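Structure record follows, encoded as structure tokens.
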Amino acid sequence: MENIFEMEIIDLTDEGSAVGKVEGLTVFTDKGIVADIVKAKIVKKKKNYILAKTIQILKKSKKRCDKKICDIQDICGGCELLDMKYEEQLKLKKEIVTQKLIRLGDIKNPVVKDTIGMDRPYHYRNKSVMPISLDNKKVENKFAKEDIKIGFYKRKTHEIVPFTDCKIQDTVNNKIVDIVKAFVVKNKISIYDEKTGKGVLRHIITKISHYNTDIMLILVTNSKKTLEVNYLIKEFKEKNIPVKTIVQNINTKNTNVILSNESITLYGDGFITDEIDKVYFNIYPVSFFQVNYTQMKKLYNKAFEYADLQTSDVVYDLYSGIGTISLLMAKKVSQVYGVEVVQEAVKSAKNNAVKNNITNAEFIAGKVEDKMQELMNNSKRPNKIVLDPARKGCEQSVLEKLIQIEPEKIVYISCNPSTLARDLKILLTSGKYELKEVTPCDMFPNTMGIEAVAHLSRK
């Protein structure tokens, strides 16, 4: 076949790559949405598939937006679906969840509701993780503000694409980035080079409270030497940017993991506070809190609707993190037991319970499967279980323990439709449960990220 060819885009991968067919071979290319006709160039040819690069979009799909939304959307890896009309994104995510349940979960005719969307799917992220780099031509400690790159990675690379107005981040980040660049130059802070492992500043991270707009700024460094941040404090105050705390996170390992467990509070209390339905949560640098406040409330409300929470219920909240779901449920039920393997998260959850005067939520540190058994041994049997694991889903032993416990309802919140389908298959194969329905929730508009909540009921 020719090195350059034309094809129609027929599908998208989970990572947002476009898929087509040429001469019976599947082609994966970097850009395109379903129903585009593109001209592409072969990058690598394998026995059963081709990797390609889109050169030109010859005919635009009707699913495409009428105009370009972001000036870097063609190269930035952050928003794979920004080209697609929002209503089409919601349909796509429903279809992806449906197909995962059918193909990976062996579930016939699953009931998948329409994706819960946003009225305005922009500038929604309350957390921003931004790598930093230096123009390759510049010498360490001899550079100007304009030589610094802070932004997001180019698709499938670690090349940083600077931004002026990211369409999914809070707009206050535009001002913070500019001030941080000036701070780096003024204080002659070297910038980390991941190839050599040298340099100090690796990432800047912001967390923003929806409750009071307070901001946490995290400076991730490759050095334990404490940064002097008086310039930042002064600039933020003068420009009325509500940075409540500045934290230095020490990460000296040559790794893709961004945050370590070692932090130094340089200014403020080292945390910010957010609120959901009059329940308040202290959020620290390593705390997990959903990045989309508006959609988080919709997602949790759907989960609680599925759980049909009653004042007599005893509920396990598995993978409970800082206690967000547990403490919200505690207002509606008799008792909640939150189980989480991360010790710091459990400590935060306990503190958040005290902060809200909630006494019917107990938080336990340890492996989920082990602590479930201990609770059962102590006659603390649940009638309902809510679980919200990481992307990798549940361990087999956790699922086996769920089947053994036989709660009347299981509500499974997932950020990965593939592992959700895999885990549901195990639960359903037991013959003890039926899948009532699944609702996707668009927690990450304009990206391929998909959150969903599944409702299982004991037969």
**Message:** So for segment 123-242, averaging the separation of alpha carbon pairs under 8 Å that are six or more residues apart and normalising by length, what relative contact order in percent results?
**Reply:** 26 percent
**Beta bridges per DSSP with both ends in segment 127-276, % antiparallel, nearest 5** = 75 percent
**Asked** By accessible area of protein heavy atoms, probe 1.4 Å, what ranking do 123, 210, 203 get, highest first?
**Response** 210, 123, 203
**Asked** Based only on the alpha carbon positions, what is the Kirkwood hydrodynamic radius of the chain, in angstrom?
**Response** 24.0 Å
**Message:** Using protein chains only and a probe of 1.4 angstrom, how many square angstrom of residue 80 are accessible, to the nearest 10?
**Reply:** 50 Å²
**Request:** Quickly estimate the mean residue ellipticity at 222 nm for the chain, helices only: each DSSP H run with n ≥ 4 gives -39500 (n - 2.57), and the total goes over all residues, rounded to 500.
**Result:** -7500 deg cm²/dmol
**Request:** Work out from phi, with θ = phi - 60° and the Karplus expression 6.51 cos²θ - 1.76 cosθ + 1.60, the ³J(HN,Hα) of each residue of segment 371-386, listed in order in whole Hz, and give x for Gly and Pro.
**Result:** 6, 4, 5, 4, 4, 5, 4, 9, 6, 10, 7, x, 9, 9, 10, 10
**Message:** Can you compute the charge dipole magnitude of segment 4-64 about its Cα centre, using +1 on each Lys and Arg Cβ and -1 on each Asp and Glu Cβ, nothing else charged? Give it in debye, rounded to the nearest 20.
**Reply:** 200 debye
**Request:** For segment 179-237 and segment 263-303, write down the distance between their C-alpha centroids in whole Å.
**Result:** 21 Å
**Item:** Mean separation of Cα contacts under 8 Å (6+ apart) over length of the chain, as relative contact order %
**Value:** 13 percent
**Contact order relative to length of segment 4-64, as percent, for alpha carbon pairs under 8 angstrom and 6 or more apart** = 31 percent
**Complete:** The convex hull of the Cα atoms of segment 127-276, divided by residue count, gives a volume in Å³ per residue of 122 Å³
**Rg/Rh for segment 4-64, where both radii come from Cα atoms and Rh is the Kirkwood radius** = 0.93
**For segment 325-337, 3J(HN,Hα) per residue [Karplus equation, 6.51 cos²θ - 1.76 cosθ + 1.60, θ = phi - 60°, Hz, x = Gly/Pro]** = 5, 4, 6, 5, 6, 4, 6, 10, 10, 6, 8, 10, 10
**Item:** Length added when fully stretched, residue 459-residue 174, from 0.36 nm per residue minus Cα-Cα
**Value:** 97.3 nm
**Request:** Round to the nearest 10 and report in Å² the accessible area of residue 211, as given by a 1.4 Å probe over the protein chains' heavy atoms.
**Result:** 110 Å²
**Prompt:** With a sphere of radius 12 Å drawn around the Cβ of residue 294, what net charge do the other residues whose Cβ falls strictly inside it have (Lys, Arg +1; Asp, Glu -1)?
**Reply:** +2
**Message:** If the only charges are +1 at each Lys and Arg Cβ and -1 at each Asp and Glu Cβ, what is the size of the charge dipole of segment 330-459 around the Cα centre, to the nearest 20 debye?
**Reply:** 300 debye
**Request:** Of the options 203, 57, 445, report the single residue whose Cα projects farthest towards the positive end of the charge dipole of the chain (beta-carbon charges: Lys, Arg +1; Asp, Glu -1).
**Result:** 57
**Request:** Between residue 374 and residue 211, with labels modelled 7 Å along Cα→Cβ, what's the label distance in nm to one decimal, could you check?
**Result:** 2.8 nm
**Prompt:** Can you list the residues, at least 5 places off or on another chain, whose amide H is less than 5 Å from the amide H of residue 266, using H built in the peptide plane?
**Reply:** 246, 247, 248
**Message:** On a 1.4 Å probe surface of the protein chains, which of 150, 10 comes out largest in accessible area, and what is the full order?
**Reply:** 10, 150
**Prompt:** For residue 56 and residue 255 in one chain, what is 0.36 nm times their gap in residues minus the Cα-Cα distance, to one decimal in nm?
**Reply:** 68.1 nm
**Message:** Suppose accessible area is computed on protein heavy atoms with a 1.4 Å probe; arrange 114, 30, 178 from highest to lowest.
**Reply:** 114, 178, 30
**Asked** Taking all protein chains as present, what is the carbon and sulfur share of the accessible area of segment 22-76, in % to the nearest whole number, probe 1.4 Å?
**Response** 52 percent
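The values are calculated or read from the model by the stated rules, or taken from the named source; none is laboratory data. None of the values given here were measured: they were computed from a predicted structure. Positions of Cβ are generated from backbone atoms using ideal geometry, with glycine treated the same way; all protein chains shown enter the neighbour counts. Only protein heavy atoms, including side chains, enter the accessible area calculation; ligands, DNA and RNA are left aside. Shrake-Rupley method; radii C 1.70, N 1.55, O 1.52, S 1.80 Å.
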